[in-house]
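Before any comments, here is the structure.
The values are calculated or read from the model by the stated rules, or taken from the named source; none is laboratory data. From a predicted model like this one, the values you see are computed outputs, not experimental measurements. Note that we place each Cβ from the backbone using ideal geometry, even for glycine, and neighbour counts take in every protein chain shown.
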Amino acid sequence: MATISDNLQRVRNRIALACARAGRDPASVQLLAVSKTFDADAVQAAHAAGQRAFGENYVQEGVGKIQALRAVGLPGLVWHCIGPLQSNKTRPVAEHFDWVHTVDRLKIAQRLSEQRPAHLAPLQVCVQVNVDGGPNKSGVAPAEALALAQAVAALPRLRLRGLMCIPEPAPDVAAACAVLGRARALFDDLVATGLPLDTLSMGMSDDLEAAVASGSTMVRVGSAIFGRRVYPDAA
């Protein structure tokens, strides 16, 4: 039976191969292990295999794991909030997470800025863009991304890092690359305005190859590392 360590190595090999095909350095793509619905023991197993960055969708669940693993002194963990974020959940995110990928409203960014403790490093932030207009996806419209990114960049206690997107599933690699390529083009447009962006968070277990080919710098992989999920009834 495959272990988390085995699965991590397979995913790393997929990233390396995708980078080779795209003429990219594998070091230019960070692997974010999405540990939502899996317990602290699974995170510890991934940590033992060299993984340090973990993504959580559900705030309460994520904070519980962060606190549990902090209590046992597990070193080097970097926690990313990658789920939709409501106003009433910003404080625990500001107080416990290192990154937030899902800022799609200025109000959310303002609350994170106000609630980030002064003794912590600035919260690293990505603006989520609904790049393909999916009706069931969060994210700001591409035409509104520049204004939101500029406003977020001006807030204290935050550091704007880039863009994040979760397109609708594509029927094939070419279709996936077409959509993901629009996200990369938008990223490049924002960089051209002078915004100091370095992160394009896109690609998951099923489409990481297309994401790497399209310029992703961070792929968010869960099931290919941890296995099949059983989702909770509520976030």
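Numbers at a glance
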read-out: Where a residue in the range 95-115 is modelled with pLDDT of 95 or more and its partner, wherever it lies, is assigned to a strand (DSSP E or B) and surrounded by fewer than 16 Cβ atoms within 10 Å (Cβ to Cβ), with Cβ under 6 Å and at least six apart; value: D98/V78
read-out: Answer residue from the range 3-16, given it is of a type outside the set (K, R) and in contact (Cβ under 8 Å) with a residue 24 or more places away in the chain and is farthest from Q30 (Cα to Cα) among those; value: T3
read-out: Residue check, P169 loosely packed, with under 15 Cβ neighbours inside 10 Å and either under 19 Å from the mean Cα position of the chain (by Cα) or at negative phi (or both); value: yes
read-out: Lone qualifier among L74, L85, L32 - being under 25 Å from P122 (Cα atoms), free of Cβ contacts under 8 Å to residues at least 40 places away in the same chain and in contact with a strand residue (DSSP E or B) (Cβ under 6 Å, 6 or more places away or on another chain); value: L85
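Let's see how each residue does on (1) modelled with pLDDT under 95; (2) farther than 16 Å from R105 by Cβ:
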| residue | (1), (2) |
| --- | --- |
| V125 | no, no |
| S138 | yes, no |
| A143 | no, no |
| Q150 | no, no |
| L158 | no, no |
| M164 | no, no |
| R184 | no, yes |
| D188 | no, yes |
